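Heads up: the structure comes next, in structure tokens.
Taken together, the values in this text are just the output of simple stated rules run on the coordinates, not laboratory data. Here the structure is a predicted model, which is why all the values come from computation and not from measurement. All Cβ positions, glycine included, derive from the backbone under ideal geometry; neighbour counts span all protein chains shown.
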Amino acid sequence: MSALTGRVSTRALRRRTARAPRGMLVAIEVLVPLLLLAAWWIGSARSTNAFLPPLQTILQRLGQMAQTPVFWTNVGSSVGNLALSFALASAIGVGIGTVFGLVRPIAWFVDPVVHFFRAIPPVALVPIFVALLGFGNETRILSITLAALFPTLIATIDGVRSVDPVLGMVTRVYRFQWPTRVALVVLPAASPRILSGMQVSLMTAFIVMIASEMLGSSTGLGAATLLAQQSFAIADMWAGILLLGVIGYAASALFGLFRKWILRWYIAAQQIGREL
């Protein structure tokens, strides 16, 4: 009985010590941006440089811009293109990557092509699509999707190939059909790597979204920020940059929560393994 009590108390102590650093990290994650904003506010309060206006002026201008329909049109265009392109890149990357990972002969032929296009900087693809397809919104969605495709595609191929062969043997013993085997065994086992690749794809999509809007587009936050810079509306430019940073951080944070929710079984298994 005493031994059992000792084990329980030891596990409880480990849980407390594991939670303490996590809470501290969350506090630091919130506190550091606030401290940086405070330093920016104080350091720029008396700025007379036309290209470095006070943060108070930037925030006031951002509030004024938020009261106009054009502002929300630009925000909706940017966020909509980002969400749609990321969803398309994720679906295509996971679908094709699963096939390439399971059928090795196909992967042998396409691997050089995949890694060739992966090596091309994503922003470099934007002028090519603009020259071929014009300046329409479809061109921006296509360029963002293709740029964000490769991290998810490669991560899916690697994840599927790294699935424990014993799992495949078990599915054959129980005579699982191929779609059931992929949906219930292969993809869940490869999901940690797949979601890591999707996280890289999200940041790639965000960068290419801004670049595509700055090249020949009249809508979107990237285009509005570039227009403000060319018009010497410096406060508007800084407001656009600040808003883009907030959107990028929010997208990454939301995907982080989604990733934790999908991998809750994997995280729980790791915690149990550490406790044992």
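Legend: ranking of residues 44, 212 from fewest to most surrounding C-beta atoms inside 10 Å; resulting order 44, 212.
Rounded to the nearest 0.05, the FRET efficiency derived from the C-beta distance between residue 115 and residue 257 at R0 = 30 Å is 0.45. Based on DSSP H segments of at least four residues, each scored -39500 (n - 2.57), the chain has a per-residue ellipticity at 222 nm of -28500 deg cm²/dmol.
How would you rank 88-94, 105-111, 173-179, highest first, on the average number of other Cβ atoms within 10 Å across their residues?
Values: 88-94: 20.3, 105-111: 11.9, 173-179: 9.7.
The packing order, highest mean first, is 88-94, 105-111, 173-179.
Anyone know which of 221, 34, 242 comes out most mobile in the 10 Å Cα GNM of the chain? Looking only at 221, 34, 242, the largest GNM fluctuation is found for 34. Start at zero, step by 10 Å, and the Cα-Cα distances of the stretch 68-275 spread as 8, 29, 29, 19, 10, 3, 0 percent across the bins.
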